[in-house]
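Before any comments, here is the structure.
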Amino acid sequence: MTAEDKKIPVIRTVSDNQHDIIRDIQTLYAPDGFELDPTYSKGKFYNKPGIICPPLKYDLFPQTEDTLQASAEALPIDTGTIRSIMFDPPFIAGHTKKKPTGIIGERFHGFRYVSDLWEWYDKCLAEFSRVLQDKGVLAFKCQDTVSSAKNWFSHCYIMNRALQHGFYPRDMFVLTAKTRLIGHNHRKNQSHARKYHCYFWVFEKMTCRVPYDIDEITEINKRADERFANKLITTKEI
């Protein structure tokens, strides 16, 4: 390794700085910046040096003058016209008798049930697949959650549905946190580890290059074994 090589920063999968992760995703997968943000809010993703603000901004509840109103699952955009999307959706679900969407759901836009949230994620993935060009990139921020004393691993669900909608999981980044806002009904009784991390999935609209189906994996391994066996026979004959 030369001295020049040592100066090149290494892009890592884990960071405690959200803007570093966004900047790294941009560097690797969207060097001209993300073209569309369908949940733009106030644009805090883009208020640090080196992160390019997207020209297309949408939100269900626009908070800036240049943000248009639209829901992420029904965008007013032509099919196959977008190069890249940054998606930072709500991740909260749950309710109590006193608070219909829970304490965090009052602060952020939340869903009553995790199943409602996941159904919306699926609709958004279908819409993103529609508007993205072939080999278009989707960065999807998500976080797992606990509801009714059960772990709901949203990042797994998102990957499985992304595969069904024609996306290839290219990369994953993990954002760690030092503090978390904990709902009032979760302070006394703890049945699972508190989640001090979230994810940034990076998907590409293309045929998946990794087999995630066990039957497909078995068949690939079988063909590889057959090729290896035939090669041994050929070598012995020579």
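A few points about this structure:
- Distance between the 7 Å Cα→Cβ label points at Asn17 and Arg83: 2.6 nm.
- You can think of it this way: the chain between Glu119 and Asn230 has 35.1 nm of extra reach, that is 0.36 nm per residue less the Cα-Cα gap.
- From the coordinates shown, Rg and Dmax of the Cα atoms in Å corresponds to which of (i) 21.3, 80; (ii) 23.9, 90; (iii) 17.5, 53: (i)
- At R0 = 30 Å, FRET efficiency that the Cβ-Cβ distance of Val10 and Lys178 yields, to 0.05: 0.85
- When each of the peptides 218-228, 163-173 is scored by how many other beta carbons lie within 10 Å of its residues on average, the order from highest to lowest is 163-173, 218-228.
- Anisotropy class of region 12-55 from Cα gyration tensor, a/c 1.5 cut: oblate
- Evaluating 6.51 cos²θ - 1.76 cosθ + 1.60 at θ = phi - 60° for every residue in region 190-195, the Karplus couplings come out as 10, 10, 9, 5, 5, 8 Hz, glycine and proline recorded as x.
- The chain, relative contact order [Cα under 8 Å, separation at least 6], %: 18
- For region 7-207, share of DSSP beta bridges that run antiparallel, in % to the nearest 5: 60
- Computed E for Asp66/Ala193 - FRET, C-beta separation, R0 41 angstrom, nearest 0.05: 0.50
Read-outs: derived from the displayed coordinates by stated rules, not from any lab. Since the model is a prediction, treat every value here as computed from it, not as a measurement. Note that we place each Cβ from the backbone using ideal geometry, even for glycine, and neighbour counts take in every protein chain shown.
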